[in-house]
Amino acid sequence: MSSENPDIRVLIVDETQAGVRLDKMLASAIDDFSRARLQALITALSVSVNGKPQPVARYKVKEGDEITVLIPPPEDATPIPQDICLDIYYEDDDLLVVNKQAGLVVHPAVGNQDGTLVNALLYHCGDSLSGIGGVRRPGIVHRLDKDTSGLMVVAKNDAAHQSLSAQFAAHGRDGVLERAYRAIVWGVLGRPSGTVSTQLGRHPHSRLKMAVLKEGGRHAVTHWTRKEGFKDAKGLVVANEVECVLETGRTHQIRVHLAHIGHPLLGDMVYGSGFKASAKNLPPKGQSALANFNRQALHAYKLGFKHPQTDKKMVFEADLPDDLNSLINSLKS
């Protein structure tokens, strides 16, 4: 067992979450844990409501409730290979490019000790990944949120890991790395394009969230371009598809930046919960599709980098997954 201190996370229930089951509310707010793991923590009396342990997962939270989650330190275990399907776009002796499905956690952590992309990579690549990037994150040079789909590059040897890590550290300032996303956001975008440049850091009142900070944090820049508007029955735009290009790569960057300018992602219950009532403005098919869309509407569709051995520029694009395509089609009807 690790000697690290327990991870304590505190959330305050807002009006949009009131009346929701405790386990469901936690699952929507903590994207690095499975719902089953959170239910186990509740049963183990590791979740308190207003200072008192709450052992019942179906407990309905109330506005203003203070939820405290005590997460034990992780075990120092080596991830095991698991036969999990991978959508591989490219592979050679140095790297592979995968199109990660939504719902797949990138690497093992507290709450997700297996069933991750790393477990799948170890099965696919065998011993070649051992030790590259650390025991828990072999081959990983960047990550996507659990519920964000899209392209990732993975290193298969130390030289490739060092080269790719350096490219991601430069965040594209040298013109080499390219990362672009497609997203569906709430509201009317008043301009065809724009740039969000802020400091990002942990939310001052919730360790589960990132936030725009006036002081401290890390500089983050997101460029966005409006692509298509989706209208309600009266012909008014209620949502937009946008393309986002990253100049930096911070945790939850796109989600926080778009929420900061008043246009959170559809389906994002962490940063867009205040727009929950906006669903009623969607066309009927759109309302139904969104109700069954259990993630943020974000897809990493484009990834470009320089090959660590050949120096050749490589650019990959991944079509939208079926769930996001269906959501878009329903918003058009």
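The table below lists the values:
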quantity: Calculated from backbone phi, Karplus (6.51, -1.76, 1.60) coupling profile of the stretch 47-52 in Hz, x at Gly/Pro; calculated: 10, 10, 10, 6, x, 10
quantity: Computed lengthening from V188 to I88, 0.36 nm per intervening residue step minus Cα-Cα distance; calculated: 32.4 nm
quantity: Computed over the stretch 157-250, Cα set: Rg, Dmax in Å; calculated: 16.9, 57
quantity: With every protein chain in place, the stretch 1-68: carbon and sulfur % of accessible area (1.4 Å); calculated: 50
quantity: Whole-percent pair-distance distribution, where bins are 20 Å wide, for the alpha carbons of the chain; calculated: 29, 60, 11
quantity: Given charges at Cβ of Lys, Arg, Asp, Glu: the chain dipole, positive-most of S206, P72, T43; calculated: S206
quantity: Gain on full stretching of the segment that runs from A279 to R218 - 0.36 nm per residue minus C-alpha separation; calculated: 18.6 nm
quantity: D87 long-range amide H proximity, modeled H, under 5 Å; calculated: N99
quantity: Cα centroid separation, the stretch 238-315 to the stretch 133-167 (Å); calculated: 21
quantity: Coil-residue GluC sites (Glu not before Pro) of the stretch 122-230, DSSP, other Cβ within 10 Å capped at 14; calculated: E215
quantity: Cα-only Debye scattering, the stretch 87-196: base-10 log of I(q)/I(0) at q = 0.18, 0.20, 0.23 Å⁻¹; calculated: -0.94, -1.11, -1.36
quantity: Placed amide H near V20: partners under 5 Å, 5+ positions off or other chain; calculated: V61
quantity: Residues with amide H under 5 Å from that of I132, placed H, sequence gap 5 or more; calculated: G139
quantity: Estimated [θ] at 222 nm from DSSP helical runs (n ≥ 4, -39500 (n - 2.57)) normalised by residues in the chain, nearest 500; calculated: -5500 deg cm²/dmol
quantity: Alpha-carbon gyration tensor eigenvalues x 5, square-rooted, for the stretch 37-101, Å; calculated: 39, 16, 11
quantity: The chain, relative contact order [Cα under 8 Å, separation at least 6], %; calculated: 15
quantity: Accessible-area composition of the stretch 236-298, carbon plus sulfur, in percent [1.4 Å probe]; calculated: 54
quantity: Where the chain is the region considered: accessible area per residue in Å², 1.4 Å probe; calculated: 47
quantity: Carbon plus sulfur fraction of accessible area for the stretch 99-189, probe 1.4 Å, in percent; calculated: 48
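The values are calculated or read from the model by the stated rules, or taken from the named source; none is laboratory data. Fair warning: this is a prediction, and the values are worked out from it, not measured in the lab. Cβ coordinates were reconstructed from backbone atoms using ideal geometry, including for glycine residues, and neighbour counts include every protein chain displayed. We work out accessible area using only protein heavy atoms, side chains counted, and drop any ligands, DNA or RNA first. Shrake-Rupley method; radii C 1.70, N 1.55, O 1.52, S 1.80 Å.
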